[in-house]
Every structure is written in C-alpha cells, then in structure tokens.
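Take a look at the structure set out below.
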Amino acid sequence: MGRIFFTAAFRKPREINWVVGVLMLVLASVTGFTGYSLPNDALSGTGLRIATSVAMSIPFIGGWAADFLNGGSYPGPLLFGRLYTLHVYFLPVTIGILLSLHLGLLVYQKHTQFVPDATRVVGRRFWPDYALRTLCALAATVAILLALGSFIEINPIELYGPYQDWTVPNPAVPDWYAGWLEGALRLGPAVEWRIFGHPIPAVFWPGVVLPLLAFALVITWPWIDKRITREDRRHDVLVPASAAPWRVGVGTALISAGVVLTLAASDDQQARAMHVPVEALVTLYRALFPFGSIAAGLIAAELARELRSRYDRYGTENERVVAFVRNAGGGFDEEEPKSA
Ligand code: HEM
C-alpha cells in the first residue's frame, strides 16, 4: 500500500484495485484477530472483551451487536463457533475472491511503469521473470515464518493460561497490526456525552469513530487525490514520490499518526521501563498524535520539495537544472534552457 500510495499507482483507472486492496488489508487484520482470539487464553480473551466493549458502545445497536456475536453476554456460548467459522471459512474465501478480482484487474489494466511513455507497456514477462520472483518472495516469506516459529517465543498462551473474567494479564498488548486501535483507546478522552439523552460511552470515539474515519479516508483516497490534483485523465506512468511533495507530506503524517498510536498501546510498559508516570506518556502521545504527525508530514514534504528541485530527472519542469553539451572541440557548451 505504501508503494502504491507514494508513486500514485492508485490513480485512474486503478482506483477500484486500490479499494479491493484496502478491503483485503482490513480482512487480513480481522482474520488475524479472529485467529489470535480462538485459543481463548488470558491475553486474547482480554482483547476480545475490549472488542466486545467497543462494539457495545455503538449507540442504539451496540448491545444487540455484542449479543449477536456472543449469543448472550460475553463470553457467550456462540462466540467461538462464530469466530472459528469466520476465521477458517468466510474470511479466507472472501480474501480469495478479492485477490482473484485484484489480479484480474491487474492483468486487464496492465501494470503501471516508471518508463515515461504511456503509449507502450514496458515491463517483464509474467513467465519466467515475474513468476520466479514471486516464488522467491514466497520462499523467503516461508523461511522467515519457519525461523520465527522455531526460534522466537510468540504468543506463549501456555504462560498466559486460560481466560478468566476477573483477571487481566499485565502487560497486555494486542498483535502489532491492532496496536493503533489499542493506542487510540488509551489516548481517548474520558468523556461521556449524551446524544438525544442517550449516553455515548467514552470508548465509542477512539474505538469506533476514529477507525471508521481512517478507513473512509484511506479507501476514498484516489478520489480525494483526484479532487486535489484536479486531474481525471488516465495514468499509466508512475511519478517519483518527490514529484508531489504534498502527497508525501500527507502519507508521512498518516503513517506517523499510526506509529504514535501504536507506541501508545504499550505506554504502561514504557513507563515502567523509563521510571516515569504513565500519565506523562499519555500526555506526550496525546500531543504527538496531532502535532507530531503534522510536523513529520511538513518535514517530509519539504524534503521531497528539496529532492525534486535537486534532481529533476527528466529535465522538464525545473528551470534551475542546467545542461552542458559536449562540443566538437571536446569542450562543453551550456545548453539553451528549454522553453516551457
Ligand atoms: C493480500 C494482499 C495483496 C496482494 C497479494 C496483492 C497483489 C498484487 C500484485 C501481485 C500486484 C502486481 C505487482 C505489484 O504492483 O506489486 C498488485 C498491484 C496492485 N495492488 Fe495489490 N496486493 C495486495 C494488497 C494490496 C493493497 C493493500 C493495496 C492498496 C491499498 C493494493 C493495490 C494495488 C494496486 C493499485 C495495484 C496496481 C499497481 C500498478 O499497476 O502499479 N494491493 N497487487
């Protein structure tokens, strides 16, 4: 997704493939969460309880949604049957269908390229080049997973023990891809507003509204980008990230916001390790989330602007780039600047 975003490979006609990609990313995370919850150990059980509480905070339908998932109050009799069916059947099948659509669109639309010639599709053959490359990527991924499974202690549920309502393991953090959600809950304001007299629990804003806003922003990004650039033509040629410093700024700010929230997910452990009050870290991360992210975005945009002005690869836009041509005498003459 990062590669696609910063080179603007999501532009027309690939907006739908971007949407399909985002959906696969979300479903992969849900598949991870449902799988991680199946052992019902003390850590994942705590995660499920937090997820159920967040679901219950949704105004008017929250209680019903949580009941539906559990078949009663948490942990309900139907919960693990539902998680299991989602994890081993519905989610993988849905991802499989989306992936087929994704690759089908790719074959139909052809791949973008850096070669600045939209009249020709330039790239490598699927066989043997691409096929062998993807097989190597598969082999490398399997090797890393085997090494992790063999030598690294991951999710030692035998140490956590079974889930019990009255215990919470400490430290308790979710899997890395859910860290930003946990961080948002920890930084969220402890306020309970009322809408039409109906109390809205504090976790609703960081637990439901923030992820929904983030999802809406990311999935509609190709159309937001089109509004900002006022460009609606077909794009098959990629741009170096530095060609659009503002996009680099936005992307960097969003990634920084995600990193700050993920860091906030283990504020208690950091506080203990650094011997500082956890409240101080909460205040720090609450400030870094908006201001640190914006600052990171502005710095990245400025660096991209500087890069663009320094290296104008195609010698078209930047009047500060000069060229010298070798002359017959072996010397160099400065080339006349190209008229715009
Ligand atoms: C299960 C995860 C995914 C798989 C297996 C997958 C697979 C692929 C493959 C093999 C390509 C062609 C080669 C390449 O550009 O890398 C591709 C292109 C593309 N993918 Fe994905 N992808 C996944 C997730 C995503 C995500 C999360 C996004 C964006 C949010 C995305 C958006 C795109 C787009 C727009 C293209 C066309 C790129 C171009 O023509 O330059 N994909 N995908």
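At 1.4 Å probe size, with the rest of the protein present, what percent of the exposed accessible area of region 189-337 is carbon and sulfur atoms?
Carbon and sulfur: 65 percent of the exposed surface of region 189-337.
So what is the relative contact order for the chain, in percent, with contacts set as C-alpha pairs under 8 Å and at least six apart?
Computed value for the chain: 22 percent relative contact order.
Among DSSP beta bridges whose residues both lie in region 2-334, state the antiparallel percentage, nearest 5.
Expressed as a percentage, antiparallel bridges in region 2-334 total about 90.
If Trp221, Trp246 are ordered by their accessible area, calculated over protein heavy atoms with a 1.4 Å probe, which sequence runs from highest to lowest?
In descending accessible area the options line up as Trp246, Trp221.
Accessible area per residue of the chain at 1.4 Å probe, in Å²?
Counting only protein heavy atoms, the per-residue value for the chain is 63 Å².
Which of Asn327, Asn170, Asn70 ends up with the largest GNM mean-square fluctuation for the chain, with Cα atoms connected below 10 Å?
Answer for the Gaussian network model of the chain: Asn327.
Please compute P(r) over all alpha-carbon pairs of the chain, binned at 10 Å starting from zero, and give each bin as a whole-number percent.
5, 17, 26, 25, 16, 7, 3, 1, 0
What size of dipole, in debye to the nearest 20, comes out for region 1-122 about its Cα centre when the only charges are +1 on Lys and Arg C-beta atoms and -1 on Asp and Glu C-beta atoms?
Its charge dipole is roughly 460 debye.
Residue separation times 0.36 nm, minus the C-alpha to C-alpha distance between His275 and Ile294: what's the value?
4.0 nm
Rounding to the nearest 10 and keeping the result within 0 to 90°, find how far the Cα-based axis of helix 210-219 lies from the longest principal axis of the chain.
Rounded to the nearest ten degrees, it is 30.
Can you give me the angle between helix 293-310 and the longest principal axis of the chain, using Cα atoms only, in degrees from 0 to 90, rounded to the nearest 10?
So the helix axis and the longest Cα principal axis differ by about 20 degrees.
What angle do you read, to the nearest 10 degrees and between 0 and 90, between the alpha-carbon axis of helix 42-56 and the longest principal axis of the chain?
80 degrees
Could you give me the ³J(HN,Hα) list for region 97-113, computed from phi with Karplus coefficients 6.51, -1.76, 1.60 and θ = phi - 60°, whole Hz, x at Gly and Pro?
5, 5, 5, 5, 4, 4, 6, x, 4, 4, 5, 5, 7, 6, 8, 6, 8
At 1.4 Å probe size, put Tyr84, Tyr130, Tyr108 in order of accessible surface, largest to smallest.
Ranking Tyr84, Tyr130, Tyr108 by accessible area, largest first, yields Tyr108, Tyr84, Tyr130.
Could you state how much accessible area Lys12 has, in square angstrom rounded to the nearest 10, with a 1.4 Å probe and all protein chains kept in place?
70 Å²
Just read off the accessible area of Arg308 with the full protein assembly in place, 1.4 Å probe, to the nearest 10 Å².
90 Å²
Given H placed 1.01 Å from N in the peptide plane, which residues other than close sequence neighbours of Lys12 have an amide H under 5 Å from its amide H?
His235
Under the rule of at least 5 residues apart or a separate chain, name every residue whose amide H is placed under 5 Å from the amide H of Ile200.
Amide H neighbours of Ile200: Trp193, Arg194, Ile195.
How would Ile200, Ile219 rank on accessible area, largest to smallest, probe 1.4 Å?
Ile219, Ile200
So how much accessible area does Ile152 have, in Å² to the nearest 10, using a 1.4 Å probe?
Near enough 90 Å² of accessible area.
Roughly what would the spin-label model give for Leu212 and Arg125, points 7 Å off Cα along C-beta, in nm?
5.2 nm
Let me know the charge dipole size of the chain about its Cα centre in debye, to the nearest 20, where only the beta-carbon of Lys, Arg (+1) and Asp, Glu (-1) is charged.
In debye, rounded to 20, the chain gives about 960.
The values are calculated or read from the model by the stated rules, or taken from the named source; none is laboratory data. All of these numbers come straight from a predicted model, not from anything done at the bench. Neighbour counts run over all protein chains shown; Cβ positions are idealised from the backbone, glycine included. These area figures cover heavy atoms from the full protein model, side chains too; ligands, DNA and RNA do not enter into them. Shrake-Rupley method; radii C 1.70, N 1.55, O 1.52, S 1.80 Å.
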